[in-house]
Amino acid sequence: MNLNIPDNGKKRIVIVGGGFGGLKLANKLKGSMFQVVLIDRNNYHQFLPLIYQVASAGLEPSSIAFPFRKIFQKRKDFYFRWAEVSGVDSDSNRIQTTIGELSYDYLVLAAGTETNYFGNKNIEDAALSMKTVEEAMTMRNVILSNLERSLTSENLKEKQALMNIVIVGGGATGVEVAGVLSEMKSFIIPNDYPDMDVHKVHIYLIEASKKLLASMSPHASSSSEKFLREMGVNVVMSTMVLDYKEGKVILDNGMDIPTKTFIWVSGVSAVSFDSINSAMLGRGGRILVDEVNRVKGINNVFAIGDVCLQTEKEYPNGHPQLAQVAIQQGNLLSSNLKKIEKGIQPTAFHYRNLGSLATVGRNKAVADFNKLNLQGWMAWIIWLVIHLRSILGIRNKVVVLFNWIWSYITYDQSIRLIMAAKRIKRSKKCS
Ligand SMILES: Cc1cc2nc3c(=O)[nH]c(=O)nc-3n(C[C@H](O)[C@H](O)[C@H](O)COP(=O)(O)OP(=O)(O)OC[C@H]3O[C@@H](n4cnc5c(N)ncnc54)[C@H](O)[C@@H]3O)c2cc1C
C-alpha cells in the first residue's frame, strides 16, 4: 500500500514526471513542510535539447541523462519511485501507477508530451521519433546500420532507400537533426566508408508550412533554411507527409521518397491520464490550468510545463512548449504550494521570455532575444554556452565540453557504435 512510503504526518506532494518542470519543483521544495514523492517512468532526468547529438553519435547517452537517485542523494522527506502513472482519482486523492496506488494531499502533473503521429498507424510503426534518450539511441543504431547495409545491398532501389534520410518537421529539432546529419555526411561518412559514394546519401527535411522554425523570428526562419540548403540538405517546404507505404514516404505534392531512415519530429501531444476527461483538455491534449497552474475544477491538483495549457494576455493560445516555461512554472509553484498551505493567496504565473535559440551546424545558429536577432557564429557561441551551463553535473559539463572541442578540432565524433540494449520490464518488484 502507498508504494512503501511512510506516513510521517507531513502533507504529501506527489510530482508526476521529473523533467524540467518537475525537477525544478522537487528541488525548490527541499527543506519545506512537505513530504515530496517524485514518480517517473525513467529512473533519470533527460536533457532533451541535446538529445539529437546522441542520435547522431556526437554524445554518449550518459552525458545528457542524470539518475534521480543521485540528484536527490541524502535528501530528507523525499522519495523517488520508478513507475508510470496511468490515472488520477481526484475524489479519493489517489493515483494509479504500474506498481500500485498512492495517496496524495497535493498532486502535480509534470509529465510533458509524447510524439504525435496524428493517428497514422503506418507512420507510427515505421518512423523514428526523438522524445527520449532511448529513442535517440535507436535512431543512432538505425542510421549506422542502414549505412552498413547499403554497402552490401545488391538491389539498387533498396541501396538508395538505405542511403536516403527523411526528416519530417521543420521545428528546432528537425532543423538540428538535419544540420548534424549533413555534417556527418560531409566529414565522417567519406572517412568511415571510403567505398561508399557519399553523393548518393540524400538528406530531406520536409515541412508542411512556409517557414522553418515557425515559432521564431522571420530572420531565424530564413537563415536556418539558407544554412541548411548551403549544407546540402534538400529542404522541401509547404509539403505535407500523407503516409508511409511500401518503404516510401508519400508527400501531398505527388512525390514519394523511398527510405529506411524515416525520422518523425513533426508534432507532440500532452501525456494523458485516465479520468482527466476531454472537457479538461485544450489544444494538443494539454490540461487546462488557471493562472496558478491549478487544474480547472480540482483544488489540490496542479499541472506544469508542456502537459498544461495556461493562457495569459501575451499568450492567448497558451505558452510555447519550452524548457524555460516548465522551469519557471515549477519554480513559482513551489512557493505557491507553501502559500496555499499557510492560507495565503498564491501568485499568478507570468512567463518571462529569455529568448530562443536553435543550432544548424558548426558556427551556424540562430537566436532571438527580445529585439535582437542573431545568426551565425555569435549565435552559435551563445547556444553552446547556454546549453553547457544548463546541463546538470560538473562531470557531464566537462564531458560534453570535451566532446564538442574534440569534434570541432577533428571534425569527428567518437561514438559511432551500433549497440542495442534490451529494455528491462518494469514490474512490482522494481519499485
Ligand atoms: C528533441 C527535443 C529538443 C528540445 N529542445 C529544446 C530547446 O533547445 N530549448 C527548449 O527550451 N526546449 C526544448 N525542447 C522542449 C523542452 O524539452 C520541453 O519544453 C520541456 O522538456 C518540458 O518540460 P516538462 O517538465 O514539462 O516535461 P519533460 O521535460 O518532457 O519531462 C516529463 C517527464 O515525465 C516523465 N513521464 C512522462 N509520462 C509519465 C507517466 N505517465 N508516468 C511517470 N512519468 C512520466 C518523463 O519520463 C519525463 O521525465 C525540446 C524537446 C525535444 C523533444
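The values are calculated or read from the model by the stated rules, or taken from the named source; none is laboratory data. If you're wondering where the values come from, they're calculated on a predicted model, not measured in any experiment. So basically every Cβ, Gly included, is an ideal-geometry build from the backbone, and we count neighbours across all protein chains shown. When the accessible area is computed, the model is the full protein with side chains, heavy atoms only, and any ligands, DNA or RNA have been set aside. Shrake-Rupley method; radii C 1.70, N 1.55, O 1.52, S 1.80 Å.
Values for this structure:
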{"item": "Residue among 55, 65 that alone is surrounded by fewer than 22 Cβ atoms within 10 Å (Cβ to Cβ) and touching a residue at least 60 places away in the same chain (Cβ under 8 Å)", "result": "65"}
{"item": "Selection within segment 338-356 - out of contact with any Pro (no Cβ under 8 Å at 6 or more places or on another chain), more than 10 Å from the ligand (Cβ to nearest atom) and among the hydrophobic types (A, V, I, L, M, F, W, C)", "result": "344, 348, 349"}
{"item": "Pair list, Cβ < 9 Å and 6+ apart or interchain, from segment 101-114 residues that are on the phi > 0 side of the Ramachandran plot to residues that are in a strand (DSSP E or B) and open to solvent by 20 Å² or more (accessible area, probe 1.4 Å)", "result": "112/268"}
{"item": "Unmet criterion (only one of (1) in a helix (DSSP H, G or I); (2) of a type outside the set (Lys, Arg); (3) open to solvent by 10 Å² or more (accessible area, probe 1.4 Å)) for residue 214", "result": "(1)"}
{"item": "Residues of segment 162-200 satisfying the condition of being touching a residue at least 24 places away in the same chain (Cβ under 8 Å), more than 16 Å from residue 412 (Cβ to Cβ) and surrounded by fewer than 21 Cβ atoms within 10 Å (Cβ to Cβ)", "result": "171, 195, 196, 200"}
{"item": "Qualifying helices (runs of 4 or more DSSP H) (wholly inside segment 9-79; at least 1 residues being of a type in the set (Val, Ile, Thr) and away from the ligand (no atom under 11 Å from the Cβ))", "result": "68-71"}
{"item": "Selection status of residue 283, buried (at least 17 other Cβ atoms within 10 Å of the Cβ) and more than 30 Å from residue 162 (Cβ to Cβ)", "result": "no"}
{"item": "Elements of type strands (runs of 3 or more DSSP E) contained in segment 85-199, each with 1 or more residues being hydroxyl-bearing (Ser, Thr, Tyr)", "result": "85-89, 94-97, 100-103, 106-109, 113-115"}
{"item": "Yes/no for residue 125 being closer than 24 Å to residue 330 by Cα and either within 12 Å of the ligand (Cβ to nearest atom) or open to solvent by 10 Å² or more (accessible area, probe 1.4 Å) (or both)", "result": "no"}
{"item": "Some residue of segment 236-252 being modelled with pLDDT under 95, part of a strand (DSSP E or B) and closer than 24 Å to residue 114 by Cβ", "result": "no"}
{"item": "Which numbered condition residue 319 fails, given (1) without any contact (Cβ under 8 Å) to a residue 60 or more places away in the chain; (2) closer than 29 Å to residue 124 by Cα; (3) more than 12 Å from the ligand (Cβ to nearest atom)", "result": "(3)"}
{"item": "Segment 264-280, residues that are open to solvent by 40 Å² or more (accessible area, probe 1.4 Å) and assigned to a loop (DSSP other than H, G, I, E, B)", "result": "266, 272, 275, 277"}
{"item": "Output for segment 41-65, where each listed residue is modelled with pLDDT of 95 or more and more than 15 Å from the chain's Cα centre (by Cα)", "result": "43"}
